[in-house]
């Protein structure tokens, strides 16, 4: 308190001192000549009412409070601070409420950082008055609404960070007017539509991160104007079209991530021009075809290349980055060959037959042409005669908007809901295999209309499924609803559930298949928790709700008790304990609090069950011992004693490598460790699903690189 009596203090640097307690409310009255207040990186708590007194400090230039534990609302009096204030840094606290529009009065601001707090509401359009602002971060909050077009009037801005919020709408065209913009990060929001063309005209743009939205469109030629581009991340969106050869002009780029989109075509050979810069390249989870350019072996600065889960084919280039399995990921491209050390089969010997070449060049084209002409002729006749009567199904019904289907068609499709078509029956519904009029095979989930809980389940499941799209979630194709009958028409899963593959004698999944299933499930929940515009909490993850399609790709199903969080809160109190005994997070029973962390717990239990082949409801787990406790006692020294013994036998029978049992053991130990991390009793100590995904993918990549199949 004696320090407050030193009225002539103009500079105070007390950062990194582990200071505790609150900031005196009269601070500004005691130090009217204060110019710099830097008390960041301490343990300060309490309120922000001292800001009211700082209006007395007419020469204040720096107010730095970042990385403390302050939990309070931002006061409107922020706008009364000195117009000479250059830097307002309040990031990494627990500040809540809305952002005061009065901050727009601080005309001298150069840096504004409110990131990593608990701020809600919309971004004030009054920020447009901050003409001299150079850097603004509002990232990692709970902000909603649209990005104000008025931000385009902040002509002095060079860095704008709005990532990890709940912002909706389109990217304002006006942002392209900020000629000096160098860094723009809008990742992990709910933005849609295409990227404004004039963004690509910002010649000084160095970093653009738009990942984790639902943006679409293709890569434009104007991208080649960005000569100083350093980082481009468009991952986890809906971009399509070819990967533009113009990317080869970005010769300063070090980081390129276009993964988890719908890009197709071939990898442009022009990318080899990035040899002097590129260190990270991720094109995974697209529809890219063709071969891998041989020139990629010259990309000497690459420390990570991920081309996995595309439609690539042909020989894998030899040498360069492809000789280092730890930095290259190519799985999910079954038509690739060569690179035995990466786990691929040798390429077949090339054929030099001149007769084959002659056939392809001179004989086959005329035949194909004749067939096409005949087909067109026949089709024209058919449509003339039957065109008005014939209704062709779409190429993929799942891509159309959800349509209403008649009860009569469902009766036909399920053979009057016969027992022969019955796939499964639960307390709320029965599921039938159905053949729709357009030939599509589906699963029809018929609700028990006499059960009020079933009706609520129908409403919840339809509400969620109609709003989500992901390759690892069961798709809704159609629905039928009237006063006494309700049904959902869903994507049919011919390979049943994970439960039958784990716990039935006639089914078996090997180690890699189980890892792939758990990766699929983690990707689904990463999307639900972090990359959908609104957080979705499933609340009932268990093996019977993980279904497998014809390619053994896993899809999460049954959203009957899920919750869609449309507001700022990502947790609620539930009057009833959700979920299934054994998989249900402990806080659901004790506090009734439903959150994303509950799904993480269920995922952890599912992970442990998948690799131990023990159900959490097994008779051996009575009231005093749970599956998690049993695994914890064995970890890490006795892990191999509790995992599924068939997986250890498999290591000898299939891998045929002397070190395989050790490699399999290391892999299983890492998987068990991850399962325990997800299923901690305390929700705060559980990791997030967006952290689970890379950990699990690394486990899989390590296993594949160390254990090539012969």
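Just so it is clear, none of the values below were taken in a lab; they were calculated from the coordinates. Everything numeric in this text was worked out from a predicted model, so none of it was measured. All Cβ positions, glycine included, derive from the backbone under ideal geometry; neighbour counts span all protein chains shown.
Below is a table of values for the structure above.
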read-out: Segment residue 110-residue 634, extension gain: residue separation times 0.36 nm, minus the distance between their alpha carbons; value: 183.1 nm
read-out: Spacing of the two label points (7 Å from each Cα toward its C-beta) at residue 242 and residue 69, in nm; value: 5.8 nm
read-out: Cut-off 15 Å (backbone N to label point 7 Å along Cα→Cβ of residue 301), residues of the stretch 218-256; value: 227-232, 248-256
read-out: Projected label distance in nm at residue 503 and residue 698, using a 7 Å step from Cα toward the beta-carbon; value: 3.3 nm
read-out: Förster radius 56 Å - calculated FRET efficiency between residue 131 and residue 347 (Cβ-Cβ, nearest 0.05); value: 0.35
read-out: Estimated FRET transfer efficiency (residue 203, residue 155; beta-carbon r; R0 22 Å; 0.05); value: 0.90
read-out: For the stretch 69-342, the fraction of alpha-carbon pairs in successive 5 Å shells from zero, as %; value: 1, 6, 12, 16, 16, 13, 11, 9, 7, 5, 3, 2, 1, 0
read-out: Two-site FRET efficiency, residue 289 against residue 43, from Cβ-Cβ distance with R₀ of 60 Å, rounded to 0.05; value: 0.60
read-out: Pair residue 8, residue 193: separation of 7 Å Cα→Cβ label points (nm); value: 5.9 nm
read-out: Convex hull (Cα only) mean projected area of the stretch 504-551, reported in nm² to one decimal; value: 4.3 nm²
read-out: Distant alpha-carbon pairs in the stretch 6-58 (separation over 11 angstrom), percent; value: 69 percent
read-out: Global geometry of the stretch 53-192, whether rounded, prolate or oblate, following the gyration tensor of its Cα atoms and the 1.5 cut on a/c; value: oblate
